[in-house]
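Encoded as structure tokens, the structure appears first; notes follow it.
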Amino acid sequence: MIDSPQAARSLQAHSLSCERGDRELIRDLNLEIKPGKLVLVEGSNGSGKTTLLRTLCGLRTPGAGRITWCGEDIRHFRSEYHAELNYIGHLPGIKDDLSAIENLQIGCQLQTMHADIDLMDVLDKVGLFGFEELPCRTLSAGQRRRVALARLWAIKAPLWILDEPFNAIDKKGVELLLGLLESHINNKGLVVLTTHQHLDIGEGRLQRLNLNEHRAQQA
């Protein structure tokens, strides 16, 4: 069970190796992410960025090593760990037959919402006014991405792991999300992400992780 003050929260990878299929992509990675930090995962195509993010989420089993949250191995309290995690993958991860508001409601039922939040207001904020009740299969790629991103405004989770969150959203959406990321780390949140978007994050808060430096020899 997680029982740790905000200041003590940290995500750590200990001698981590990550595999895809029968191929080892990342070897002997050690990483610590503390509150108020944003880690930008970089690397060439095929270096294992998405594989690493899914492993940090507990959606893939490491080839070697372990991942800890607040000092505890995430394998021992997976449900509690996921309750403190906001993960948005390369794909939106939404149900096409449900509407935007229904998708957001389901996400909030599984985790803790911010106090006094109005989900319709959240969808309006992310540019989905008038599209709240439509089946997500009828929405554009950018609108579907916004449905997924709306969880960042609605769900109270200290750790965000985001795979290319700026994909398929327009300039206004990019600016809105950049502001939210900065607000989250200003409030002692933790962020791990991959992106090609320029991040104007203050000195000392941006941490870069280049996976090319941790590639297995056969990769």
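The values are calculated or read from the model by the stated rules, or taken from the named source; none is laboratory data. Note that the coordinates shown come from a computational prediction; the quantities given were computed from them, not determined experimentally. Counting neighbours? That spans all protein chains shown, and the Cβs are built from the backbone with ideal geometry, glycine included. Note: accessible area is taken over every heavy atom of the protein model, side chains too, but ligands, DNA and RNA are not part of it. Shrake-Rupley method; radii C 1.70, N 1.55, O 1.52, S 1.80 Å.
Details
- If you go through segment 173-204 and pick out every residue that is charged (D, E, K, R) and surrounded by 15 or more Cβ atoms within 10 Å (Cβ to Cβ), you end up with 1.
- Residues of segment 100-137 classified as part of a loop (DSSP other than H, G, I, E, B) and not polar (S, T, N, Q), total: 14
- Test for Glu24: is it acidic (Asp, Glu) and either under 30 Å from Glu132 (Cβ atoms) or open to solvent by 40 Å² or more (accessible area, probe 1.4 Å) (or both): no
- For the condition in contact with a helix residue (DSSP H, G or I) (Cβ under 9 Å, 6 or more places away or on another chain) and within 30 Å of Ser44 (Cβ to Cβ), Gln197 qualifies.
- Restricted to segment 104-141, and to residues there that are of a type in the set (Gly, Ala, Ser) and either open to solvent by 60 Å² or more (accessible area, probe 1.4 Å) or within 17 Å of Leu91 (Cβ to Cβ) (or both), the residue that is modelled with the highest pLDDT is Ser140.
- Spans of strands (runs of 3 or more DSSP E) in segment 3-96 with at least 1 residues farther than 27 Å from Ala148 by Cβ and in contact with a strand residue (DSSP E or B) (Cβ under 8 Å, 6 or more places away or on another chain): 11-20, 23-33, 64-69
- Tallying residues that are crowded, with 21+ Cβ neighbours inside 10 Å and over 16 Å from the mean Cα position of the chain (by Cα) within segment 50-71 yields 1.
- Segment 15-40 residues that are at positive phi, paired with ones that are open to solvent by 60 Å² or more (accessible area, probe 1.4 Å) and not in a strand (DSSP E or B) (beta carbon under 6 Å, 6 or more apart): Gly36/Lys188
- If you go through segment 23-64 and pick out every residue that is basic (Lys, Arg) and under 24 Å from Arg205 (Cβ atoms), you end up with 3.
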